[in-house]
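Trainee: Mind having a look at this structure? Questions to follow.
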Amino acid sequence: MVHSPDEQLLHDVADAAPSVLTSHRAHALLLCTRSGFFARALSAGFIEQERRVVHLGIVEELGLWRPGEDPSYVLGAFHALVRYFYTGRHEVEARFALDLLALLEGDFLQLESTTEALSATCEAAALAAPLEEIGVVAARAHHLGFLDLAEDSLRRMAGMLDTAK
């Protein structure tokens, strides 16, 4: 499929080594419009602009993923972020909410629009996790340093189990 220059697809990969996390396709124009990080990374003078590939080392720095680990959490979070870029809808599954929240914190991505509503959606999704996912959400929250969310999730699980007796 041939794309016009402003519709060129960007592959977003976490690593170019054999331990590749994966890639995610998105229109470069959309990413550059929504994110100052992508706009700079894909500007002239950077290798990412030529290769149309952006290494997101932040996923490793934040502890979202390490080689050999299951990439599904960070992939789900990035998928939700790209869906937000395309649609403006704040939708994220509970199990991916904390990874997306971690990506939003500190404004690393330099998003053009406010992230407060999306961050609030992430917190609400994590706290509304179904019983079978609460343990995973609480563990992920603890791993990523969201200790209040981990504690709240565990309290919610205890309350649900008490009610089920």
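Trainee: Can you find even one residue in region 108-117 that is over 30 Å from R40 (Cα atoms) and either assigned to a helix (DSSP H, G or I) or out of contact with any Ser or Thr (no Cβ under 7 Å at 6 or more places or on another chain) (or both)? Even if it seems obvious, please write down each step before you answer.
Mentor: If we filter region 108-117 for residues that are over 30 Å from R40 (Cα atoms), which is where we start, we get none.
The answer is no, given that none of the residues of region 108-117 is over 30 Å from R40 (Cα atoms) and either assigned to a helix (DSSP H, G or I) or out of contact with any Ser or Thr (no Cβ under 7 Å at 6 or more places or on another chain) (or both).
Trainee: Now for a separate question. Those residues that are open to solvent by less than 60 Å² (accessible area, probe 1.4 Å) and in contact with a helix residue (DSSP H, G or I) (Cβ under 7 Å, 6 or more places away or on another chain), I need them from region 136-153; list them, please.
Mentor: V137, A138, R140, A141, L144, F146, L149, A150, S153 - these are the residues of region 136-153 that are open to solvent by less than 60 Å² (accessible area, probe 1.4 Å) and in contact with a helix residue (DSSP H, G or I) (Cβ under 7 Å, 6 or more places away or on another chain).
Trainee: Looking only at region 92-120, count every residue that is among the small types (G, A, S) and touching a strand residue (DSSP E or B) at 6+ places or on another chain (Cβ under 6 Å) and tell me the total.
Mentor: Qualifying residue count, region 92-120: 0.
Trainee: When you go through L161, L118, L109 one by one, which is the residue that is at pLDDT below 95 and in contact with a His (Cβ under 7 Å, 6 or more places away or on another chain)?
Mentor: Working: L161 fails: in contact with a His (Cβ under 7 Å, 6 or more places away or on another chain); L109 fails: in contact with a His (Cβ under 7 Å, 6 or more places away or on another chain).
Result: L118 is the single residue among L161, L118, L109 that is at pLDDT below 95 and in contact with a His (Cβ under 7 Å, 6 or more places away or on another chain).
Trainee: Identify the residue in region 15-72 that is open to solvent by 60 Å² or more (accessible area, probe 1.4 Å) and at positive phi and, among all such residues, is modelled with the lowest pLDDT.
Mentor: Filtering first and then ranking leaves G45.
Trainee: Let me ask you something else. Just need a number here: residues in region 91-107 that are more than 9 Å from the chain's Cα centre (by Cα), on the phi < 0 side of the Ramachandran plot and assigned to a helix (DSSP H, G or I).
Mentor: Our first condition is that a residue be more than 9 Å from the chain's Cα centre (by Cα); within region 91-107, this holds for 91-95, 105-107.
Imposing the further condition that a residue be on the phi < 0 side of the Ramachandran plot reduces the set to 91-95, 105.
Subset that is assigned to a helix (DSSP H, G or I): 94-95, 105.
Adding up the residues that qualify gives 3.
Trainee: Sticking with this one: Could you list, in sequence order, the residues of region 121-135 that are part of a helix (DSSP H, G or I) and either of a type in the set (A, V, I, L, M) or open to solvent by 10 Å² or more (accessible area, probe 1.4 Å) (or both)?
Mentor: Within region 121-135, T121, E123, A124, A125, A126, L127, L131, E132, E133, I134, G135 qualify.
Trainee: Ok, one more. Quick test of your reading of the structure: H90 fulfils all but one of (1) open to solvent by 50 Å² or more (accessible area, probe 1.4 Å); (2) in contact (Cβ under 8 Å) with a residue 12 or more places away in the chain; (3) out of contact with any Ser or Thr (no Cβ under 6 Å at 6 or more places or on another chain). Name the failing condition by number.
Mentor: Against the list (1) open to solvent by 50 Å² or more (accessible area, probe 1.4 Å); (2) in contact (Cβ under 8 Å) with a residue 12 or more places away in the chain; (3) out of contact with any Ser or Thr (no Cβ under 6 Å at 6 or more places or on another chain), H90 comes up short only on (3).
The values are calculated or read from the model by the stated rules, or taken from the named source; none is laboratory data. As the structure is a computational prediction, the values presented were derived from the model and not from experiment. Note that each Cβ is placed from the backbone with ideal geometry, even for glycine, and that neighbours are counted across all protein chains shown. The area values use the complete protein model at the heavy-atom level, side chains included, leaving out ligands, DNA and RNA. Shrake-Rupley method; radii C 1.70, N 1.55, O 1.52, S 1.80 Å.
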